[in-house]
Amino acid sequence: MSRAIKVNYSTPDTTAWQVKCDDLFLAQFRGKPCSICGATTRLYKDRMTRSCGHHLMEKDLHRIHRYSVEGIVVLCPKHHGQYERTISPHSDDTVAVAAFYEFVRTKLPDQWKWFKSHCRDMWDRSWTYKEMYERLGGEISDDKFSKDQKPKNHAEKIRIAEGRD
């Protein structure tokens, strides 16, 4: 017997809203060509997986730029993975991590310049995740009498952001 998990949307800055924002924002990068090799999919853990957006800055520390397109590099699962030994921002091999940032510096100079000029920008509480969800194009249920408004038509918005509609 499965139990429904209650997701809390009652507070505008909850993790539930953050997850929906991240999903909606990152959808626009799924399946795009990897900046390193051009692949849009790769076999990863026995299944085909699409490329995705990698944040140049740590999302939790640099909330101000969490949803900045300039801070995203599209990577296939291989080049986004922990076990990649040649070039990957998440590799457990420090040489591969250094190679990734050198790649961005030399091959993506506009993004490198943006990264260097904003890497000290940190926290920003001028918006909530619920507000950001709407800014990103998400819809919220119209039930004004409920304190627990929820995302509306989220799957449709994801399809649109991914370019499938």
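The values are calculated or read from the model by the stated rules, or taken from the named source; none is laboratory data. Only a predicted model underlies this, so the values are computations on that prediction, with no experimental measurement involved. Here the Cβ is made from the backbone with ideal geometry for all residues, glycine too, and neighbour counts use every protein chain on show.
Details
- Some residue of region 33-43 being touching a Lys or Arg at 6+ places or on another chain (Cβ under 7 Å), free of Cβ contacts under 8 Å to residues at least 24 places away in the same chain and either assigned to a loop (DSSP other than H, G, I, E, B) or not hydroxyl-bearing (Ser, Thr, Tyr) (or both): no
- Residue identified as polar (S, T, N, Q), touching a Gly at 6+ places or on another chain (Cβ under 6 Å) and closer than 25 Å to Gly137 by Cβ among Thr49, Thr15, Thr40, Thr11: Thr40
- Taking the criterion of being loosely packed, with under 14 Cβ neighbours inside 10 Å and β-branched (Val, Ile, Thr), the residues of region 93-138 that qualify are Thr94, Val95, Thr106.
- Picking from residues in region 130-165 that are among the hydroxyl-bearing types (Ser, Thr, Tyr) and at pLDDT below 95, the one that is farthest from Ser10 (Cα to Cα) is Ser141.
- All positions within region 71-123 that are in contact with a strand residue (DSSP E or B) (Cβ under 8 Å, 6 or more places away or on another chain), in a helix (DSSP H, G or I) and of a type in the set (Val, Ile, Thr): Val104
- Residues of region 1-41 classified as in contact with a helix residue (DSSP H, G or I) (Cβ under 7 Å, 6 or more places away or on another chain), modelled with pLDDT under 90 and either under 29 Å from Ile87 (Cα atoms) or among the hydrophobic types (A, V, I, L, M, F, W, C) (or both), total: 1
- Taken together, the residues in region 44-65 that are touching a residue at least 40 places away in the same chain (Cβ under 8 Å) and in a loop (DSSP other than H, G, I, E, B) amount to 4.
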